[in-house]
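Some notes on the structure that comes next.
The values are calculated or read from the model by the stated rules, or taken from the named source; none is laboratory data. Since the model is a prediction, treat every value here as computed from it, not as a measurement. Methodologically, a virtual Cβ is constructed for each residue, glycine included, from the backbone with ideal geometry; neighbour enumeration extends over all protein chains shown. Surface areas here come from the heavy atoms of the whole protein model, side chains and all, with no ligands, DNA or RNA. Shrake-Rupley method; radii C 1.70, N 1.55, O 1.52, S 1.80 Å.
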Amino acid sequence: MKKLVVITGASSGFGKEMAIMFSKAGYPTLLLARRIDMLNKLVEDNNLENCMVSRVDVCNYQDFEKAINEAEKKYGEVDLLINNAGVMLLGDIETQDPKEWQDMINVNVVAVLNGMQIVIKQMKSRQSGTIINISSIAGRKTFGNHAAYCATKFGVHALTETIRESVASSNVRCLVIAPGAAETELLGHITNTEIVEGYKGWVDETMGGSSLNAKEIAKSALFMYEMPQEVSIREVLIAHTRQDS
Ligand code: NDP
């Protein structure tokens, strides 16, 4: 059997497509998210084999670690962790509820560090393993009303590169995918309706109504992972061709 792949935020969007693609490629998977009903449905609808699901809030270190330990008992040590779970709560910081940026920092940054710490020790001792962190084009450049979100995604780039440097000599890969706008549930949690409408209007105008398909992100992750272990595609910045910013 192939090695264990863990995907966070697998209940929708990129995580869901990655779950299907890695599972169909023969990898045993552990899928994590809070909406366990969505994870169960995903497995059933797609007949995914060798697939464990667990209701985990990735901000909760103990629950995250416990789920991984349980999957490792069945499938062996994690060879790939995809830190994909994330939230984008766009807002004007002059009016935004501070809880929103605290939540983003927790999910988009703290939980990524949680996941990396949980798996990295065994990867170093095995001298093999891969971590893919899902950042954003908003981790490379700024956009209006994205202050807190950009801060978290610039943070993902920074922490990934820092840790990559420190584990490179152990043959462990730390990679980043930074997507542009894509069709997922991400906009659904923004509380400022004007900002949501503005975002949709921008997608309509520039990309003809639909942005990147989440399947393309899943394909990218599979390609990066399946390169030989000595090849580290450190970063993929991927956007709809018509995305102009
Ligand atoms: P979705 O909203 O469709 O998916 C987000 C996933 O994260 C869900 O499965 C959700 O599951 C999970 N999640 C959120 N909070 C938690 C938590 N505390 N614990 C566990 N799981 C959590 O959006 P995307 O697929 O677009 O987002 C995936 C990643 O891609 C994010 O990091 C996002 O920032 C990034 N991204 C997205 C872009 C886009 O345009 N769509 C562009 C660039 C980057 P549940 O609610 O069930 O817990």
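None of Asp57, Asp45 is under 17 Å from the mean Cα position of the chain (by Cα) and of a type in the set (Asp, Glu) except Asp57. Condition check for Tyr149 on (1) among the hydroxyl-bearing types (Ser, Thr, Tyr); (2) more than 15 Å from Met104 (Cβ to Cβ); (3) in contact (Cβ under 8 Å) with a residue 60 or more places away in the chain: one failure, at (2). Within region 173-182, the set of residues being in contact with a Gly (Cβ under 8 Å, 6 or more places away or on another chain) and within 15 Å of Lys215 (Cβ to Cβ) comprises Ala182 only. Residues that are free of Cβ contacts under 8 Å to residues at least 60 places away in the same chain, part of a helix (DSSP H, G or I) and either of a type in the set (Gly, Ala, Ser) or under 22 Å from Val6 (Cβ atoms) (or both) within region 192-225 comprise Gly198, Gly201, Glu216, Ser220, Phe223, listed in sequence order. Of Lys124, Lys141, all but one fail to be open to solvent by 20 Å² or more (accessible area, probe 1.4 Å), part of a helix (DSSP H, G or I) and among the charged types (D, E, K, R); the exception is Lys124. Does Asn133 satisfy being within 16 Å of the ligand (Cβ to nearest atom) and open to solvent by 30 Å² or more (accessible area, probe 1.4 Å)? Considered against the rule, which asks whether it is within 16 Å of the ligand (Cβ to nearest atom) and open to solvent by 30 Å² or more (accessible area, probe 1.4 Å), Asn133 comes out as no.
In summary, no strands (runs of 3 or more DSSP E) completely within region 1-94 bear 3 or more residues that are farther than 30 Å from Thr152 by Cα. Scanning region 12-42 for residues that are hydrophobic (A, V, I, L, M, F, W, C) and within 7 Å of the ligand (Cβ to nearest atom), which turns out farthest from the chain's Cα centre (by Cα)? Per the criteria, the residue is Met38.
One residue stands out among those in region 90-107 that are under 27 Å from Leu30 (Cβ atoms) and in contact (Cβ under 8 Å) with a residue 40 or more places away in the chain: the one that is farthest from the ligand (Cβ to nearest atom), which is Ile105.
If you filter region 160-172 down to residues that are open to solvent by 20 Å² or more (accessible area, probe 1.4 Å) and of a type outside the set (D, E, K, R), you find that the one that is farthest from Gly208 (Cα to Cα) is Ser169. Which one is nearest to Asp103 (Cα to Cα) among residues in region 196-209 that are within 14 Å of the ligand (Cβ to nearest atom) and open to solvent by less than 40 Å² (accessible area, probe 1.4 Å)? That would be Val196.
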